[in-house]
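Reading through the structure tokens given below for one structure.
The values are calculated or read from the model by the stated rules, or taken from the named source; none is laboratory data. As the structure is a prediction and not an experimental result, all values here were calculated from the model. Here Cβ is always computed from backbone atoms with ideal geometry, including for glycine, and neighbour counts include all displayed protein chains. The accessibility values were calculated without ligands, DNA or RNA, using every heavy atom of the protein model including side chains. Shrake-Rupley method; radii C 1.70, N 1.55, O 1.52, S 1.80 Å.
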Amino acid sequence: DPETNNAGLYTGVLDESNVSGRAALDWTPNDDSLFYVSYSRGFKSGSFPVFPSSDQAQYEPITQEQLDAIEVGAKTGFFDQRLRANVAVFYYDYKDKQLVGRIVDPVFGPLQKLVNAPESEVRGIELELQGNPLRGLFQSASAIFIETEVKEFEGLDQSGDPVNLTGKPFNFSPEVEYTLIADYVMALTDNLEAGLGADYSYTDETNSVLTQDPLFEI
């Protein structure tokens, strides 16, 4: 019973509906170039949490998350496709984004619970370069830069105290990530090849909680 905190089987009902879709325009001025713009609306279904529970209130369902996404990008090739460059700029507008929050239990204190943030957004750009400058040599560089922001949300901090999280970035959302790859393959005989490869990846710092508590930096 969520009102008395008694243990037992939790039952609940979540009834929702939505309409999603996507519209896109693209232009191919030549065989090596594609330019596009798209708009889409999608939903992440509401759900009942599956936390190890100490309070039945942790099992109360959250509503569906709505995402409106706009993307503008280009995919291009040069020198007979020996060099390929892709870029995409995107904007995501979330309503009722599903996040891990907290409730306060009179016995156990702050406990995890899924919650909905009314308004939040993401802005970003994604870049990718791939090339084959020499026979057998493949090189790649990719990067993504994003800014995330909670536009409206009041929740609880790790101690269970009320906190205004408006303006905070998302948790688990580093601003910069990039990867560099190089692979070289050469033929030793008609049936035997040797290869050498290396890659380097970088992920910027982030935090595992919305309050950005330094104790939970990643």
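With the range 87-203 as the region, which strands (runs of 3 or more DSSP E) entirely inside it contain at least 2 residues that are open to solvent by 80 Å² or more (accessible area, probe 1.4 Å) and more than 28 Å from GLU217 (Cβ to Cβ)?
Details: elements: 109-131, 137-152, 154-156, 162-164, 176-187, 193-203.
Filter on the range 87-203 gives 176-187, 193-203.
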Is it the case that the range 19-29 has a residue that's open to solvent by less than 60 Å² (accessible area, probe 1.4 Å), at pLDDT 90 or above and within 23 Å of SER142 (Cβ to Cβ)?
yes
Residue pairs qualifying under the 9 Å Cβ cut-off, at least six apart or on distinct chains, with the first in the range 86-111 being within 30 Å of ASP32 (Cβ to Cβ) and free of Cβ contacts under 8 Å to residues at least 12 places away in the same chain and the second being of a type in the set (S, T, N, Q) and not in a strand (DSSP E or B), are none
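Report, by residue number, each residue of the range 44-77 that is among the hydrophobic types (A, V, I, L, M, F, W, C), at pLDDT 95 or above and out of contact with any Lys or Arg (no Cβ under 8 Å at 6 or more places or on another chain). Break it down into steps so the answer makes sense when it comes.
In the first step, residues of the range 44-77 are kept if they are among the hydrophobic types (A, V, I, L, M, F, W, C); the result is 48, 50-51, 57, 62, 67, 69-70, 72, 74.
When the remaining residues are screened for being at pLDDT 95 or above, the result is 67, 69-70, 72, 74.
Result: ILE70, VAL72, ALA74.
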Within the range 69-85, residues being open to solvent by 60 Å² or more (accessible area, probe 1.4 Å), farther than 11 Å from GLU128 by Cα and out of contact with any Phe, Trp or Tyr (no Cβ under 6 Å at 6 or more places or on another chain) number 6
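Tell me which residues, restricted to the range 30-49, are exposed (fewer than 12 other Cβ atoms within 10 Å of the Cβ) and part of a strand (DSSP E or B).
Narrowing the range 30-49 to residues exposed (fewer than 12 other Cβ atoms within 10 Å of the Cβ): 30-31.
Result: ASN30, single match.
Picking from GLU205, GLU147, GLU152, GLU175, which residue would you name as being touching a Lys or Arg at 6+ places or on another chain (Cβ under 7 Å) and in contact (Cβ under 8 Å) with a residue 24 or more places away in the chain?
On the way: GLU205 fails: touching a Lys or Arg at 6+ places or on another chain (Cβ under 7 Å); GLU152 fails: touching a Lys or Arg at 6+ places or on another chain (Cβ under 7 Å); GLU175 fails: touching a Lys or Arg at 6+ places or on another chain (Cβ under 7 Å).
Step by step, each of GLU205, GLU147, GLU152, GLU175 is checked, and only GLU147 is touching a Lys or Arg at 6+ places or on another chain (Cβ under 7 Å) and in contact (Cβ under 8 Å) with a residue 24 or more places away in the chain.
Can you give me the number of residues within the range 204-218 that are open to solvent by 100 Å² or more (accessible area, probe 1.4 Å) and outside any strand (DSSP E or B)?
Going residue by residue through the range 204-218, those that are open to solvent by 100 Å² or more (accessible area, probe 1.4 Å) are 205, 215, 217-218.
Then drop every residue that is not outside any strand (DSSP E or B), which leaves 205, 215, 218.
Adding up the residues that qualify gives 3.
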